[in-house]
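This report refers to the structure that appears directly beneath it.
The values are calculated or read from the model by the stated rules, or taken from the named source; none is laboratory data. Here the structure is a predicted model, which is why all the values come from computation and not from measurement. No Cβ is skipped: glycine too gets one built from the backbone with ideal geometry, and neighbour counts run over all protein chains shown. Side chains included, ligands, DNA and RNA excluded: accessible areas come from the protein's heavy atoms. Shrake-Rupley method; radii C 1.70, N 1.55, O 1.52, S 1.80 Å.
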Amino acid sequence: MRFLRRSTTDTAADEPEATEAVDVNGKSYTPGKGKATPKRRDAEAKRRGPVAPPPTSMREAMKRNKELRKSNPQTKDDRRAAAKLRRDRMMAGDDKYLLPRDRGPVKAYVRDLVDTRRNLLGLFMPLAILVFLALLVPLPQVQSYITLLCTAMLLVMAIEGFVNGRKIAKLVREKFPKEAVSGRSIGWYAFVRASQIRRLRVPKPRLKPGDPIPN
């Protein structure tokens, strides 16, 4: 009985059509993947894995820093040596290792001007210690004398710092006529430098009091 059989034509119609490469302009053409190619940074991030969340506490931050130091091939002695080198170069006045406020030939010249002078401002820190010790003395009369002396000294220091700041700013303008020099900034920088104890100045003085400043 012929009607119970499936014809070869019907069987071919039911089968899915095979996907073939299409020849476009005489060249083989492969259909697209259906999705965009991931970017390189996204692929690298996926290979590295998920990024760790920021630390939620100081203890966790210290723990991570400790782990990073362990994974770092640089030894503790190497880090100490590098830190010592940076400090030595900074104390020597190397611009590469100085703080931004101390960099440049203008600031170096200001430091030389301050370091070659003897200023009352150098007694600022010892005077502050004297005031603190005066507060511990149980005698009101002694405290009043020390307070009066310190007040007079502070007044003289303030006047000296103002006068020296104007003089130094004038010398800097003459030395560097093409530089935009702010008298207030230079004066304050000189004041802070002069108020520090000579041995504690950073960078270290390269000239002694009374030495001529090289051109």
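Select, from Ile146, Ile129, Ile186, the only residue that is within 30 Å of Pro214 (Cα to Cα) and not in a loop (DSSP other than H, G, I, E, B).
Ile186 is the lone residue from the list that is within 30 Å of Pro214 (Cα to Cα) and not in a loop (DSSP other than H, G, I, E, B).
How many of the residues in segment 170-215 are hydroxyl-bearing (Ser, Thr, Tyr), touching a Gly at 6+ places or on another chain (Cβ under 9 Å) and over 22 Å from Ile129 (Cα atoms)?
Count: 1.
Taking the criterion of being touching a helix residue (DSSP H, G or I) at 6+ places or on another chain (Cβ under 7 Å), farther than 30 Å from Asp88 by Cβ and among the polar types (S, T, N, Q), would at least one residue in segment 129-144 satisfy it?
yes
All but one of (1) in contact with a helix residue (DSSP H, G or I) (Cβ under 9 Å, 6 or more places away or on another chain); (2) surrounded by fewer than 13 Cβ atoms within 10 Å (Cβ to Cβ) hold for Leu155; which doesn't?
(1)
Residues being of a type in the set (Lys, Arg) and surrounded by fewer than 11 Cβ atoms within 10 Å (Cβ to Cβ): count how many of those fall in segment 75-89.
Number of matching residues: 3.
If we keep just the residues of segment 132-143 that are hydrophobic (A, V, I, L, M, F, W, C) and assigned to a loop (DSSP other than H, G, I, E, B), which is farthest from Ala194 (Cα to Cα)?
Looking at the filtered set, the residue picked out is Leu139.
Specify which of the listed residues (Arg184, Arg199, Arg206, Arg193) is of a type in the set (Lys, Arg) and open to solvent by less than 50 Å² (accessible area, probe 1.4 Å).
Answer to the selection: Arg193.
Mind checking which residues of segment 160-188 are closer than 15 Å to Val114 by Cα, under 29 Å from the mean Cα position of the chain (by Cα) and of a type outside the set (Gly, Ala, Ser)?
Selection gives Ile168, Val172, Ile186, Trp188.
How many of the residues in segment 112-126 are surrounded by 15 or more Cβ atoms within 10 Å (Cβ to Cβ) and either β-branched (Val, Ile, Thr) or outside any helix (DSSP H, G or I) (or both)?
Count: 4.
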